[in-house]
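One structure is given here, and the rest of the page talks about it.
The values are calculated or read from the model by the stated rules, or taken from the named source; none is laboratory data. Predicted, not measured: the structure shown is a model, and the values here were computed from it. Neighbour counts run over all protein chains shown; Cβ positions are idealised from the backbone, glycine included. The area values use the complete protein model at the heavy-atom level, side chains included, leaving out ligands, DNA and RNA. Shrake-Rupley method; radii C 1.70, N 1.55, O 1.52, S 1.80 Å.
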Amino acid sequence: MSETTRPARAPEEPLDELMTFLNAVGIEFGDKRRNRALERYVTGLLTDHPNKNCDTLAEILPGTSEQRLQALLTTMEWDEALADQKRVALLTSLPTEGDGVLILDPTDFPKQGKHSVGVARQYSGSLGKVANCQVTVNCHYAERTIAWPVASRLYLPEAWAQDPQRREQAHVPDAVRFQTKAEIALDLVAQANALHVRHSAVVADAEFGDNPLFLDGLEARGELYVADLRRDFQVSATRSVQAPVVRAEELVAGWRPRAWHVLRWREGSAGWLKGSFAALRCYRVDGQGKRTLGWLIAERELPDGSGRNKLRWSNFPASTPLLRLVELAHRRAFVELYHEEAKTLLGWDQYQGRLWTGFHRNTFLVMLAYSFLVWTEWHERQQVILPGRPRGAFSPSAGSPAQVPGLAAPADR
């Protein structure tokens, strides 16, 4: 992500580029003070200041105060959901390759206290252990050359959802009930569809891919998907109930060497990204014994350290080339990059408020600031003239990855 728009200290006058973006989004509160507070907050997020909460931002933002920034997050009358719809509408208006995906991935925010909304002892991916933290479920849009956040929602643990006193203290809306992370993820897909975020597939983290109800929910909605798995995912080679049910890793261990193919899916800054892959048409088996046909896709590390050992499941048709599944699966890198940049560059993980509305308004403003960077980078990219024939607005300069012949149905049958 370009950092050319990130000054060390905020200027008193609004950045011209930022105002152009905000006007294009169409966020208008009808009140100069509220409009100014939003512009100041986003400007503060874009600075290089290492601490980004209301009191520290107020120190570097001329023309506002800590109280006004706090009010923007908590007491001011404005609809962050409506504002977010306008943000998404602007981004979906950009030219597209028509090959975007929705990526579903959780992220967490380690906390020390017990009063921030949704905080609990739960697994923290950033710490690699169970710890005191908040967790959000996030939906991200990604093509091969552009990516941006669609939606984010805080996971409210069941103990929180069933505690009237804690709900009241954190101002959790009455309509918010307990949902698993997988249920929230399905809601975010529905939200993206309602906002007309066109996509060709859904890509999901193993926390969702391991959940048969989540996979069933995607299929019921007509969504094609590629989802990461844990190694104890249950599969069977045939539809017959007499066929044994085994762990996915056990089935993969029996594949012959000729089933594996070295594929490269994208050119990175250090060269082509590649790995060894194999896939088999087989059946996933849920807890009730229901068998559903799809692709079991395996990746293993190459001797030179390229690739990594992973399993994935997909409901794409049997005619789908393996390279297509591999390229889609690795678009998860876009949401991982967003989580890193939103926290390290924009201070997403530094929010100190305890309220439901404040948490989600801060998250929206972080997504708005990130979208500004994406929008600015896209417009700058259009000014670059490359040699050779003219290309589409989103055509990768290196060209599309070539299809590997003979891999339409790469099953070791």
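Data for the structure
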quantity: Which listed residue is surrounded by fewer than 23 Cβ atoms within 10 Å (Cβ to Cβ) and in contact with a helix residue (DSSP H, G or I) (Cβ under 7 Å, 6 or more places away or on another chain), from ASN138, ASN193, ASN211, ASN132; calculated: ASN211
quantity: For PHE109: the one exception among (1) over 19 Å from the mean Cα position of the chain (by Cα); (2) modelled with pLDDT of 95 or more; calculated: (1)
quantity: Sole residue being aliphatic (A, V, I, L, M) and free of Cβ contacts under 8 Å to residues at least 60 places away in the same chain, chosen from LEU57, LEU72, LEU91, LEU46; calculated: LEU57
quantity: Any hit, the range 107-119, residues being out of contact with any strand residue (DSSP E or B) (no Cβ under 8 Å at 6 or more places or on another chain) and closer than 30 Å to ILE146 by Cα; calculated: no
quantity: Residue ID - nearest to GLN162 (Cα to Cα), chosen from residues in the range 113-129 that are hydroxyl-bearing (Ser, Thr, Tyr) and part of a loop (DSSP other than H, G, I, E, B); calculated: SER116
quantity: All positions within the range 75-94 that are within 24 Å of GLU377 (Cβ to Cβ) and either open to solvent by 60 Å² or more (accessible area, probe 1.4 Å) or within 18 Å of the chain's Cα centre (by Cα) (or both); calculated: ASP84, GLN85, LYS86, ARG87, VAL88, ALA89, LEU91, THR92, SER93
quantity: Subset of the range 313-333 [open to solvent by less than 10 Å² (accessible area, probe 1.4 Å) and in contact with a Gly (Cβ under 7 Å, 6 or more places away or on another chain)]; calculated: TRP313, SER314
quantity: Subset of the range 338-371 that is part of a loop (DSSP other than H, G, I, E, B) and open to solvent by less than 30 Å² (accessible area, probe 1.4 Å) - its residue that is farthest from ARG266 (Cα to Cα); calculated: GLY353
quantity: Residues satisfying the stated conditions in the range 45-63, i.e. over 16 Å from ALA369 (Cα atoms) and of a type in the set (A, V, I, L, M); calculated: ALA58, ILE60
quantity: Test: residue in the range 251-259 that is out of contact with any His (no Cβ under 9 Å at 6 or more places or on another chain), open to solvent by 60 Å² or more (accessible area, probe 1.4 Å), among the hydrophobic types (A, V, I, L, M, F, W, C) and farther than 19 Å from ALA333 by Cα; calculated: yes
quantity: Test for VAL335: is it of a type in the set (A, V, I, L, M), more than 21 Å from ALA248 (Cα to Cα) and part of a helix (DSSP H, G or I); calculated: yes
quantity: Residues satisfying the stated conditions in the range 30-74, i.e. open to solvent by less than 10 Å² (accessible area, probe 1.4 Å), outside any loop (DSSP other than H, G, I, E, B) and of a type in the set (Val, Ile, Thr); calculated: VAL42, THR43
quantity: Conditions (1) open to solvent by 20 Å² or more (accessible area, probe 1.4 Å); (2) touching a residue at least 40 places away in the same chain (Cβ under 8 Å); (3) within 27 Å of LEU102 (Cβ to Cβ); (4) out of contact with any strand residue (DSSP E or B) (no Cβ under 7 Å at 6 or more places or on another chain): number failed by GLU183; calculated: (2)
quantity: Test: residue in the range 229-245 that is touching a residue at least 12 places away in the same chain (Cβ under 8 Å), over 20 Å from ARG331 (Cβ atoms), among the charged types (D, E, K, R) and open to solvent by less than 80 Å² (accessible area, probe 1.4 Å); calculated: yes
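The rows are residues; the columns are (1) within 20 Å of THR320 (Cα to Cα); (2) modelled with pLDDT of 95 or more.
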residue	(1), (2)
GLY254	no, no
ARG258	yes, no
VAL262	yes, no
GLU267	no, no
TRP272	no, no
GLY275	yes, no
ALA278	yes, yes
CYS282	yes, yes
ASP286	no, no
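Let's see how each residue does on (1) among the small types (Gly, Ala, Ser); (2) touching a residue at least 24 places away in the same chain (Cβ under 8 Å); (3) farther than 30 Å from ARG68 by Cβ; (4) in contact with a Lys or Arg (Cβ under 6 Å, 6 or more places away or on another chain):
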{"position": "GLN288", "(1), (2), (3), (4)": "no, no, yes, no"}
{"position": "ASP304", "(1), (2), (3), (4)": "no, no, yes, no"}
{"position": "SER314", "(1), (2), (3), (4)": "yes, yes, yes, no"}
{"position": "PRO317", "(1), (2), (3), (4)": "no, no, yes, no"}
{"position": "PRO321", "(1), (2), (3), (4)": "no, yes, yes, no"}
{"position": "GLU327", "(1), (2), (3), (4)": "no, yes, yes, no"}
{"position": "ARG332", "(1), (2), (3), (4)": "no, yes, yes, no"}
{"position": "TRP375", "(1), (2), (3), (4)": "no, yes, no, no"}
{"position": "TRP378", "(1), (2), (3), (4)": "no, yes, yes, no"}
